[in-house]
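Here is the structure we will look at.
We did not get these values from a lab; they are worked out from the coordinates using the rules stated. For clarity, every value in this text was computed on a predicted model and none was experimentally measured. All Cβ positions, glycine included, derive from the backbone under ideal geometry; neighbour counts span all protein chains shown.
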Amino acid sequence: MQEVMNWSDEFLAGTFVIIKLFFISLVMVITWGLLGATAKLSNSRIARGIANGFTVLCRGTPEFLLLLIVYFGSAVTLTSIARAINPEIRFLDIPPFWAGAFAISLVIGAYATETFRGAFLGIDKGYIEAAKALGMTRFQVFWKLRVPMMWRLALPGFGNHLLSLLKDTALVSVIGVEGILFTAQQASSVNHKPFTMYLTVAFIFLALSTVIVVTMKCVEKYAYRHLEAAR
Amino acid sequence: MTFESSLILESLPRLMDGLWVTLRLFVLALTCGTVLAVGMVLLRISSRKYLSWPVMAYIYVFRGTPILVQLFVIYYGLPQLEFIRTGPLWPFFREPFFCAWFALTLNIGAYTTEIFRGGILGVNKGLLEASKALGMTYAQTFRKVTAPIAFKLCLPAYSNEMISVLKATALASTVTIFDVTGVARKIVAETFAPYEIFLSAAIIYLILAWIIQNGVRLLERRISRYAN
């Protein structure tokens, strides 16, 4: 226990890093999910093709490999561009934190695309027709009807994606982001107590996923508050 | 920066060596994890709390933490404990492949138990009452009615789990195993051509995932050949 207390500041900082990573990727996940689902349901063949390619690629390759492709791929591209401008430059990469957030968001975004697509399809057509009859524009229909009605249907699936997202934040330690797993690696190389250190990491993740589960229960209750009386 | 296709051809034999390791890890972990889940789900659906609660705790811990962390606890962490290092299992826990297999098996066990439970709960109650009326014992009902139907109900979720496991095997490369991802990382470290090599590795995983998905789809069609 003493060993963990000695590193408590670092663990706290690492926890903040993964929480930050979680929320930044979450914003991207929702963006990819909405874009992907809209593209999959659109009439345009090209949009559907791109969205299908995106989901197949990002759901079929390991998260870890995708992370390596994004991080090392972007580093090679950036370095060669920079060298073309200034031959003095040896190496250039995008910050691992952002590469990690982007890579994770692609994977979970692909899953969210499918969830959102299903939820969009679950909306009663009558509402959309009524809105059109009222003279609402397509933009208004999307933001005022489709999205609010869709997210309620998407909630259970999306809650699971949030858990996967949280767990995927552990991966970024491999490319050097100072998350809690990275902290544990450093700590155990100093105090030779890897079991204690990694178990602490597991406990922190367990606590955070418990928070997500409880939050999602509350959000679900809030989403269905108008049906409370009917139950 | 150029895209060198010759590099892909050169590294293909080494990636195939990695594929063998990936497949071995995948099949071993999936088989053992599924067997574990069959045992666990019997405890999980029990009405006796002292049987079902430990399983619930196990599932909660393994589903709530990243596989990478579980793997690190087992591979890097366990040697800290005196009784592991002096115990009879030390030759196993020293091996990275064994640790990766162990972590994956426990993880698959936790997820698959929940999948199986969902399937068992989905079996129509009327069928159970009918078999009771026929005088079948609980064990007979489970073996001849509940289990086959539950198996069919679980298949779609189970095929998703299989693909997750395939993707999770890539994490084994973090504990010095040369699976497809591990080999790819090594080649990239030598050549620094991440696009060519990592994308080839990604295609290998995509093909495997495609095979799994379609294999299960065929199996599903065969199982439900009496349904319509």
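For the residues A:F91, A:F203, what sequence is obtained by ranking on other C-beta atoms within 10 Å, fewest first?
Listed from fewest to most nearby Cβ atoms, that is A:F91, A:F203.
Given the rule -39500 (n - 2.57) for each run of at least 4 DSSP H residues, summed and divided by the residues of chain B, what is its mean residue ellipticity at 222 nm, to the nearest 500 deg cm²/dmol?
Taken over chain B, the calculation gives -25000 deg cm²/dmol.
Given the protein assembly as shown, what whole percent of its Cα pairs are spread farther than 28 Å?
It works out to 58 percent of all Cα pairs.
Calculate, in nm to one decimal, what A:M1 and A:V190 gain on full extension: separation in residues at 0.36 nm each, minus their alpha carbon distance.
This chain segment gains 66.5 nm when fully extended.
Which FRET efficiency, nearest 0.05, do A:L78 and A:F23 yield, Cβ-Cβ r, R0 25 Å?
0.50
If you take the beta carbon distance between B:I211 and A:A229 as r and set R0 to 60 Å, what does 1/(1 + (r/R0)^6) give as a FRET efficiency, to the nearest 0.05?
0.75
Report, to the nearest 10°, how far helix A:63-85 tilts away from the longest principal axis of the Cα atoms in chain A, using its own Cα long axis and a range of 0 to 90°.
80 degrees
Quickly estimate the mean residue ellipticity at 222 nm for chain A, helices only: each DSSP H run with n ≥ 4 gives -39500 (n - 2.57), and the total goes over all residues, rounded to 500.
-26500 deg cm²/dmol
Assuming R0 = 45 Å, can you tell me the calculated FRET efficiency for the pair A:E10 and B:W20, based on Cβ-Cβ distance, to the nearest 0.05?
Calculated transfer efficiency: 0.70.
Among all helices in chain B defined by DSSP H, which have a length of 15 Å or more along the axis from Cα atoms plus a Kyte-Doolittle mean of at least 0.5?
Long hydrophobic helices here: B:5-44, B:96-121, B:147-168, B:180-191, B:194-223.
Could you give the length gained by full extension between B:N124 and B:M136, i.e. 0.36 nm per residue of separation minus their alpha carbon distance, to one decimal place?
Contour length minus Cα-Cα distance gives 2.7 nm.
Other chains near A:68-77: what is the mean number of their Cβ atoms within 10 Å of each residue's Cβ?
5
Test of understanding: ordering B:V165, A:V17, A:V4, A:V56 by Cβ neighbours within 10 Å, fewest first, what list do you get?
Ordered from fewest to most neighbouring Cβ atoms within 10 Å, B:V165, A:V17, A:V4, A:V56 come out as A:V56, A:V4, A:V17, B:V165.
Order by neighbour count: B:W53, A:W32, fewest other Cβ atoms within 10 Å first, most last.
Starting with the residue having the fewest Cβ neighbours, the order is B:W53, A:W32.
Under a cut-off of 27 Å between alpha-carbon atoms, report the lysines in cross-link reach of B:K167, not counting same-chain residues fewer than 8 places apart.
A:K20, A:K40, A:K167, B:K152, B:K186
Along segment B:89-95, what does the Karplus equation 6.51 cos²θ - 1.76 cosθ + 1.60 (θ = phi - 60°) give for ³J(HN,Hα), rounded to whole Hz, x for Gly and Pro?
8, 4, x, 6, 5, 7, 7
Sequence gap at least 6, Cα distance under 8 Å: using those rules, report the relative contact order of chain A to the nearest whole percent.
Computed value for chain A: 28 percent relative contact order.
Tell me, what ³J(HN,Hα) does each residue in segment A:102-107 have, in order and in whole Hz, if you take phi through Karplus 6.51 cos²θ - 1.76 cosθ + 1.60 with θ = phi - 60° and put x for Gly and Pro?
5, 4, 5, 5, 5, 5
Within a Cβ distance under 15 Å of B:E10, other residues only, what is the Lys/Arg minus Asp/Glu net charge?
Here the charged neighbours net out to -2.
Note down the nm distance, to one decimal, between modelled labels 7 Å out along Cα→Cβ at A:C218 and at B:T31.
The two pseudo-label positions are separated by 4.7 nm.
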